[in-house]
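The structure under discussion appears below in the form of structure tokens.
The values are calculated or read from the model by the stated rules, or taken from the named source; none is laboratory data. The shown structure was predicted, so the numbers you read here are calculated from the model rather than taken from an experiment. Neighbour counts are summed over all protein chains in view; Cβ atoms, including those assigned to glycine, are modelled from backbone coordinates with ideal geometry. These area figures cover heavy atoms from the full protein model, side chains too; ligands, DNA and RNA do not enter into them. Shrake-Rupley method; radii C 1.70, N 1.55, O 1.52, S 1.80 Å.
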Amino acid sequence: MSEILGLSGVCKSYGAIVVADSLTFSLRQGEALGVIGPNGAGKTTMFNLITGTVAASSGRVQYNGRDVTHDSAAKRCRAGMARSFQVPQPFGHMTVFENAMVAATQGANLKGREAESTCLDVLDQTGLLDKANAVAGKLALLDRKRLELTRALCAKPKLLLLDEIAGGLTEEECHLLVETIKAIHGTGMSIIWIEHVVHALLKVVERLIVIDFGKMIAEGDPASVMESREVKEIYLGIEVDA
Amino acid sequence: MSVVDTHRVFRVTTASRIASVVGLLLLLALAAAPWWMGRADLRLLGEIYLYLSLAMLWNLLAGYAGLVSVGQQAYVGLGGYALFALTIFGGLHPFAAIGLSVVVGALVSIPVAALIFRLRGAYFAIGTWVIAEVFRLGFAQVSALGGGSGISLPVDVVRSLADGRDAREATSYWLTLGCAAAVMAIAYLFLRSRNGLALTAIRDNELAASSLGIDICRSKFVVYVVVGGLTTFVGSLIFLQKLRISPDAAFSVNDWTAYVIFIVVIGGIGSLEGPIIGTVAFFLLRETLADLGSIYLIVLGAIAIAVMLVAPKGLWGLVQDLTGLRLFPLGYRVEPRRAGKE
Ligand SMILES: Nc1ncnc2c1ncn2[C@@H]1O[C@H](COP(=O)(O)OP(=O)(O)OP(=O)(O)O)[C@@H](O)[C@H]1O
Ligand SMILES: [Mg+2]
């Protein structure tokens, strides 16, 4: 299968702090990739670099066979990349439905009824339909996270980037979310999912990468990555610190 | 059964239906004003319409596109001078000159945007003000347009508007009413369109907007140029009313920006209703405080600060928080379909 995303030697530093250290990996069309790593490792930064929210200091980002390193975030979205933000970024004075409509009309370039029915379908899928007329700025955190997922899906992406959407969910809610993402993945969508709730992540992804201090330190089949010395060291380290 | 069968999306609400009927009746009544109002009242109304237009435009710029300009007097003055230059030297009829001023304003705003869009935040605001000052100093150098002391609109140009004083006053009044109605219609239709949805998204969150495919710089540029063109249009009408122009009057930061900001801020920035309420409030204050002299400005400032502290979203924000009312149906509402009813 062909490659949808490829990073080669992508670096980013803030002053002396290196937050992305020569990231190199690729994602196959239709693949689901999980990303784990301790707090502050640079996972969200990697999403910023992939989507173009932050410009890379060096290196290249290939998407769908094209070099998009210098494309704006908006252009990359219109080309089929959509993300959810770890810290939700709703359009606060607009309703949930209007938030979704922004994604459908701008990101997916849908018009009129087609945009509206796409939004209704996605809201139904993400469980926000009852709150379609609620003002987004007044939603509680969990619903804000659902809205992040909703908007990303309404942009009709080819590549979906999810940043910690399972934190704080109950057992049942988490199960529903996993089913939703599985269903989305089942339609052939390529997914990269950053998640601290590892058991949820492992139910979906086919491959796992581990990031620490901006560096990719492990990569491969989820079960063996979880068993690797690097991962154990990091997570033991965290336990010792805590 | 899919959601599309169980739910429907509406754009109009009952409140907005009522508002549009009331608005239309009001427009008709106001259009008939020359038959039942005195000359002084007509002039006051004309001034109100022009301020309403300026406020609507500044609100699009600052309230939606986040472009806080304190230099829109550049375009008001440009419009005034365009009217005078095009009629006196171009020999155009005033109507043609007013129409052409839109194009002049839009064309001028393109290089200005290219210059000031490099600046951010407070620097942008200062940049717009500097540009307006450059315009003022520039026009003061043109002796054919009266230099620093100004010029009056020649009598034959004024006469070409209509025969007789009353007909001229009425024509001038209808132009201002038409201007306010057109600016409101444009703002409304634009904000309701998909580009308007993008602009509203930018108003709320630029990071999310750009990540969802919205080209922020392009959107802001388009808004700046359209607002520049229309503000120039309003400016030409302002000086058609005044019949006299000078650089200080044309590029007055107090008259064309400070008052306009006051109107939008107390009315409610980032909504279409806000500038309307703000304009009404401003003129009520002005007419009641007219005897105070220069203290009047201090009172206005104090009111603006008080409103910003008590109701940061302005008077309309207050009303909306209390009632949830929306007069302009810009948004979308999702309602379940009732069984058996299509
Ligand atoms: N704009 C910025 N300026 C300076 N440092 C930054 C900036 N953005 C992020 N950082 C730093 O980069 C590092 C990586 O941050 P990032 O948010 O990518 O981590 P993360 O892996 O997503 O962490 P978490 O699991 O907590 O979400 C952190 O040390 C953070 O403080
Ligand atoms: Mg993060």
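Of all helices (runs of 4 or more DSSP H) completely enclosed by the stretch B:139-205, which ones contain at least 3 residues that are within 14 Å of chain A (Cβ to nearest Cβ)?
B:194-204
Mind telling me which of the residues A:83, A:76 ends up being over 17 Å from residue B:333 (Cβ atoms), within 16 Å of ligand 1 (Cβ to nearest atom), of a type in the set (Lys, Arg) and crowded, with 17+ Cβ neighbours inside 10 Å?
A:83
When the residues of the stretch B:260-298 are filtered to those that are touching a helix residue (DSSP H, G or I) at 6+ places or on another chain (Cβ under 7 Å) and of a type in the set (Phe, Trp, Tyr), which remaining residue is surrounded by the most Cβ atoms within 10 Å (Cβ to Cβ)?
Looking at residues that are touching a helix residue (DSSP H, G or I) at 6+ places or on another chain (Cβ under 7 Å) and of a type in the set (Phe, Trp, Tyr), I get B:282.
Considering only residues of the stretch A:29-44 that are under 14 Å from residue A:160 (Cβ atoms) and not small (Gly, Ala, Ser), which is farthest from ligand 1 (Cβ to nearest atom)?
Result: A:29.
Within 11 Å of ligand 1 (Cβ to nearest atom), within 26 Å of residue A:197 (Cα to Cα) and more than 17 Å from the chain's Cα centre (by Cα), is that true of residue A:18?
Taking the combined requirement at face value, the residue satisfies it.
Could you tell me whether any residue of the stretch A:86-107 is touching a helix residue (DSSP H, G or I) at 6+ places or on another chain (Cβ under 6 Å), open to solvent by 10 Å² or more (accessible area, probe 1.4 Å) and closer than 16 Å to residue A:191 by Cα?
Yes, the stretch A:86-107 contains a residue that is touching a helix residue (DSSP H, G or I) at 6+ places or on another chain (Cβ under 6 Å), open to solvent by 10 Å² or more (accessible area, probe 1.4 Å) and closer than 16 Å to residue A:191 by Cα.
Please give the number of the condition residue A:143 fails out of (1) away from ligand 1 (no atom under 16 Å from the Cβ); (2) open to solvent by 20 Å² or more (accessible area, probe 1.4 Å); (3) charged (D, E, K, R); (4) modelled with pLDDT under 95.
Among (1) away from ligand 1 (no atom under 16 Å from the Cβ); (2) open to solvent by 20 Å² or more (accessible area, probe 1.4 Å); (3) charged (D, E, K, R); (4) modelled with pLDDT under 95, the lone unmet condition for residue A:143 is (2).
Does at least one position in the stretch A:61-70 carry a residue that is away from ligand 1 (no atom under 13 Å from the Cβ), touching a residue at least 24 places away in the same chain (Cβ under 8 Å), on the phi > 0 side of the Ramachandran plot and within 10 Å of another protein chain (Cβ to nearest Cβ)?
Checking the stretch A:61-70: not a single residue is away from ligand 1 (no atom under 13 Å from the Cβ), touching a residue at least 24 places away in the same chain (Cβ under 8 Å), on the phi > 0 side of the Ramachandran plot and within 10 Å of another protein chain (Cβ to nearest Cβ).
Residue check: is residue B:234 more than 14 Å from chain A (Cβ to nearest Cβ), at pLDDT 95 or above and surrounded by fewer than 23 Cβ atoms within 10 Å (Cβ to Cβ)?
no
Could you list all residues from the stretch A:18-45 that are open to solvent by 20 Å² or more (accessible area, probe 1.4 Å), farther than 20 Å from residue A:232 by Cα and within 14 Å of ligand 2 (Cβ to nearest atom)?
Listed by number, the residues that qualify are A:19, A:44, A:45.
Name, by its number, the condition in (1) farther than 23 Å from residue A:166 by Cβ; (2) open to solvent by 30 Å² or more (accessible area, probe 1.4 Å); (3) within 16 Å of ligand 2 (Cβ to nearest atom) that does not hold for residue A:60.
Unmet condition: (3).
Can you tell me which of B:170, B:140, B:106 is within 30 Å of residue B:29 (Cα to Cα) and either modelled with pLDDT under 90 or open to solvent by less than 60 Å² (accessible area, probe 1.4 Å) (or both)?
Only one candidate qualifies: B:170.
Exactly one of these conditions fails for residue B:269: (1) part of a helix (DSSP H, G or I); (2) in contact (Cβ under 8 Å) with a residue 60 or more places away in the chain. Give me its number.
It is condition (1) that residue B:269 fails.
Modelled with pLDDT under 95 and open to solvent by 20 Å² or more (accessible area, probe 1.4 Å): which single residue out of B:124, B:117 fits that description?
Just one listed residue meets the conditions, B:117.
Any idea which of (1) touching a His at 6+ places or on another chain (Cβ under 8 Å); (2) at positive phi is the one residue B:91 doesn't satisfy?
(1)
I want to confirm something. Restricting to the stretch B:206-217 and keeping residues that are within 19 Å of residue B:62 (Cβ to Cβ) and within 9 Å of another protein chain (Cβ to nearest Cβ), which single residue is surrounded by the most Cβ atoms within 10 Å (Cβ to Cβ)?
Checking each candidate, the answer is B:214.
Could you say which residue among A:130, A:124, A:143 is out of contact with any helix residue (DSSP H, G or I) (no Cβ under 7 Å at 6 or more places or on another chain) and either free of Cβ contacts under 8 Å to residues at least 24 places away in the same chain or under 23 Å from residue B:321 (Cα atoms) (or both)?
Testing whether each residue is out of contact with any helix residue (DSSP H, G or I) (no Cβ under 7 Å at 6 or more places or on another chain) and either free of Cβ contacts under 8 Å to residues at least 24 places away in the same chain or under 23 Å from residue B:321 (Cα atoms) (or both) leaves just A:130.
When residue A:80 is evaluated against the numbered criteria (1) at positive phi; (2) within 9 Å of another protein chain (Cβ to nearest Cβ), which criterion, by number, is the only one it fails?
(2)
Which members of the stretch A:163-187 meet the condition of being open to solvent by 20 Å² or more (accessible area, probe 1.4 Å) and aliphatic (A, V, I, L, M)?
A:169, A:176, A:177, A:183
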